[in-house]
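What follows is a set of notes on a single structure, which appears directly below.
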Amino acid sequence: ERLLGLIRILDMINSSPNKTLASEDYLEEKVFFKSRRMTRIHHHLVENYRRDVSLDEAAGLVNMTRTSFCRFFKNQTGSTYTYYLNRIRIDFAQRLLQNTEMQIKVVGYDCVFISIPYFHQTFKRMTGISPRQFWLSGGSR
């Protein structure tokens with residue numbers, strides 16, 4: 001009887017429409033840096049992705065000039081600061097599209113894309129599909 005109960009629970013979980021893309025610590029767990037500076041920047045961006053975190057603010061966080069920061073950041077991540085911040089925002093947008101009933105444009109605004117066409121363009125460039133296609137697929141990409 002206990003085995004049957006377990007099977008029922010597993011079946012309920014499997015048939016649940018809510019699929020979790022990742023835990024709340026998703027972005028924290030998937031990235032490891034040798035540099036404490038880069039770890040500090042990453043944590044700050046993840047914690048503040050819903051607001052405009054300027055390049056000057058990020059550089060000031062680790063006591064660097066804009067030029068030094070850009071060079072350091074590119075060396076550490078292989079991408080620009082703007083691309084990296086947008087990647088974090090798109091990761092969160094995917095989670096919202098998958099786990100909530102929010103409209104796509106609301107998700108875009110929630111992730112601080114002030115232009116919905118730019119949100120769509122960035123989402124498609126980073127994931128290979130539009131936000132609508134992602135939502136229709138149930139977030140399977």
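Computed from the coordinates by the stated procedures, all read-outs in this text should not be read as laboratory data. Predicted model only: the values in this text are computed from it and were never measured.
Test of understanding: what is the full-extension gain from ARG71 to TYR109, defined as 0.36 nm times their sequence separation minus their Cα-Cα distance?
10.7 nm
For the stretch 29-141, take N as its residue count and report Rg(C-alpha) divided by 2.2 N^0.38 Å.
1.12
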